[in-house]
Amino acid sequence: MESVSAFEIIKVGIGPSSSHTMGPWRGATRFLTTLKKASPDLKDIQSVKVYLYGSLAKTGYGHGTDVAVLMGLSGEDYTTIDTTTIPDKTNTIIQSKQLMIGSLRSIAFNYEQDLVFEFGETLEFHPNGMKFQANFEDGRIITETYFSIGGGFVVKDGQDDDDILNKSKVTPYPCHSAKDIIQNCKKLNLRISELVFLNEQTWRSPDEIRQHALYIWSEIKDCLFRGLCKKGVLPGGLNVRRRAHELSRKRLGNQKFKDIESLIDAIKAGPQDFNTVNKWVSIFALAVNEENASFGRIITAPTNGASGVIPAVLMYAWCFIPHFDEDAVIDFLLTAGEIGTLYKKGATISAAMGGCQAEIGVSSSMAAAGLTEVLGGSKEQVLQAAEIAMEHHLGMTCDPIGGLVQVPCIERNSMGAIKAITASNIALDEDPGGARISLDDVIKTMWETALDMNEKYKETSEGGLATIPVNVAEC
């Protein structure tokens, strides 16, 4: 089994969905790479057609799958693109019926005919299937099929490896289960974050690990600041209004803030009673996921639909736990990321495979572990916190109204963050030796639950809350 870096689980992404936006964007980018190998300047390409299957078709419009494919084929990078330009770039392609493929060559592209939503067909390997086909002027045809398997990970049909995993990398102390983590920590006399830091040196130097973790932290703060400063209505037609800005103003009044640091200082200087802190945790989560719903740049952790949980818990610790510093941020992210790898390898982080337990449940479990680690919990308590958080998300369905990552997704991030903090508090006050369920047990159970779950509850908008009649205006 391949090793997975914690920074492949917690990484920079773009909303609204890791599986339905980032994954298709990556798939389009990979296909573009194939085309450039066949024709470096792309001058021989006559046309391109894209087919979306299963969940990508059923909730693709609401998740921005069509937009992601167009941006990927255009050669855009979601980690660097000015996200405010995406609507105009998309509209230009649709209205002009021209696609500047790879930013090199303009080809005819009819959005209605060349981007096909196959609502009635699901490919065998995974519900999130996509097929790209390019026709060349000399008659050649290149076709590739990809699957978006959750968290932005993409697998090409016929291959069992992901394009962002490097199977040749083997960590010195592989951790494919919670049991492995405990055994390695005991053998080396290390805390979990120290063990992960050691293994991460397979991919990065110690300085690079620290710098990358703080880069993630910087992106989290920037995302939070944008979310807290914006008001209005989210795109997509549900007319869901942004609430984070209004709720934060109720706590801080009409103060103006030039940056996130000044805003944090104001939060720290304000009341710190339980009710206020509890409200801030929810506000942090709402702010991130409102950005996610607006094609904003966020931190995928482990998915976009659950991108508000870890930032909310991390910002809670930064604002309300004494002496919480950048070293603690690094330890939090390393620990949380490692827990996420266990779910990716032992179950799933794809809502189309496992429902929302695979997103909010996993992110809550990750955050609970990270918080317990930095609060001084033992390695056993860290893993127990992760187990408790997932235990109370088992069976959660993925039923986005209108196929949008808004209702109930945004509020679920607040709930996931609160559950993570509660799980950590319970674990820190318990003797883990008395636990009857291990993290490995709950991961196994989560996967079994995913397999048993009715397909309509797996990101199809065909079950649960998604079936409630709601007028969705044209996007």
> Inside the range 24-137, counting only strands (runs of 3 or more DSSP E) that do not spill past its ends, which hold 1 or more residues that are under 24 Å from the mean Cα position of the chain (by Cα)?
Replying inline: 45-53, 115-118, 129-136
> Listed residues Ile216, Ile181, Ile192; which is surrounded by 18 or more Cβ atoms within 10 Å (Cβ to Cβ) and either touching a strand residue (DSSP E or B) at 6+ places or on another chain (Cβ under 8 Å) or of a type in the set (D, E, K, R) (or both)?
Replying inline: Ile216
>> Tell me the residue from Ser74, Ser5, Ser19, Ser47 that is over 22 Å from Asp114 (Cβ atoms), hydroxyl-bearing (Ser, Thr, Tyr) and out of contact with any His (no Cβ under 9 Å at 6 or more places or on another chain), please.
In response: Ser5
> For the range 106-148, which residues satisfy the criterion of being farther than 30 Å from Ser350 by Cβ and in contact with an Asp or Glu (Cβ under 7 Å, 6 or more places away or on another chain)?
Replying inline: Phe136, Glu137, Asp138
>> Take Lys37 and tell me if it is without any contact (Cβ under 8 Å) to a residue 60 or more places away in the chain and among the basic types (Lys, Arg).
In response: yes
> Which residues, counting only those in the range 233-256, are surrounded by fewer than 16 Cβ atoms within 10 Å (Cβ to Cβ) and in a loop (DSSP other than H, G, I, E, B)?
Replying inline: Asn239, Gly253, Asn254, Gln255, Lys256
>> What's the number of the only condition in (1) touching a residue at least 60 places away in the same chain (Cβ under 8 Å); (2) surrounded by fewer than 24 Cβ atoms within 10 Å (Cβ to Cβ); (3) of a type outside the set (Asp, Glu); (4) not in a helix (DSSP H, G or I) that Pro302 fails to meet?
In response: (2)
> Are there any pairs with C-beta distances below 9 angstrom linking a residue in the range 317-333 that is within 25 Å of Pro271 (Cα to Cα) to a residue that is surrounded by fewer than 20 Cβ atoms within 10 Å (Cβ to Cβ) and β-branched (Val, Ile, Thr), with the two at least 6 apart or on different chains, and if so which?
Replying inline: Trp318/Ile264; Cys319/Ile264; Cys319/Val277; Phe320/Val277; Ala328/Ile321
> Within the group Asp273, Asp259, Asp265, which residue is under 22 Å from Leu333 (Cβ atoms), modelled with pLDDT of 95 or more and surrounded by fewer than 24 Cβ atoms within 10 Å (Cβ to Cβ)?
Replying inline: Asp259
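Quick grid of which residues meet (1) surrounded by fewer than 22 Cβ atoms within 10 Å (Cβ to Cβ); (2) touching a Gly at 6+ places or on another chain (Cβ under 9 Å); (3) under 30 Å from Thr335 (Cα atoms); (4) charged (D, E, K, R):
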| site | (1), (2), (3), (4) |
| --- | --- |
| Val4 | no, yes, yes, no |
| Lys49 | yes, no, no, yes |
| Ala68 | no, yes, no, no |
| Leu73 | no, yes, no, no |
| Tyr78 | no, yes, yes, no |
>> For the range 75-112, which positions are more than 22 Å from Ala293 (Cα to Cα) and in contact (Cβ under 8 Å) with a residue 24 or more places away in the chain?
In response: Gly75, Leu99, Met100, Ile101, Gly102, Ser103, Leu104, Arg105, Ile107, Ala108, Phe109, Tyr111
>> Every residue in the range 201-253 that is touching a His at 6+ places or on another chain (Cβ under 9 Å), within 14 Å of Asn289 (Cβ to Cβ) and not small (Gly, Ala, Ser), please.
In response: Leu228, Lys230
>> Residue under question is Asn413, and the condition is that it be crowded, with 24+ Cβ neighbours inside 10 Å and in a helix (DSSP H, G or I); does it hold?
In response: yes
> Going by the structure shown, is Gly227 within 25 Å of Leu286 (Cβ to Cβ), surrounded by 13 or more Cβ atoms within 10 Å (Cβ to Cβ) and in the same structural domain as Pro24 (by TED's automatic domain parsing)?
Replying inline: no
>> within 25 Å of Gly355 (Cβ to Cβ) and not assigned by TED's automatic domain parsing to the domain that holds Gln211: which single residue out of Gly72, Gly54 fits that description?
In response: Gly54
> Hey, which of the helices (runs of 4 or more DSSP H) in the range 309-410, taking only ones fully inside, have at least 2 residues that are under 25 Å from Asp222 (Cα atoms) and not β-branched (Val, Ile, Thr)?
Replying inline: 309-320, 326-346, 360-374
>> Among the residues in the range 107-115, are any of a type in the set (A, V, I, L, M) and surrounded by fewer than 17 Cβ atoms within 10 Å (Cβ to Cβ)?
In response: yes
> How many residues, within the range 429-444, are in contact (Cβ under 8 Å) with a residue 12 or more places away in the chain and either in contact with a Ser or Thr (Cβ under 6 Å, 6 or more places away or on another chain) or surrounded by fewer than 17 Cβ atoms within 10 Å (Cβ to Cβ) (or both)?
Replying inline: 6
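The values are calculated or read from the model by the stated rules, or taken from the named source; none is laboratory data. Being a predicted model, the structure only gives us computed values, none of them experimental. So basically every Cβ, Gly included, is an ideal-geometry build from the backbone, and we count neighbours across all protein chains shown.
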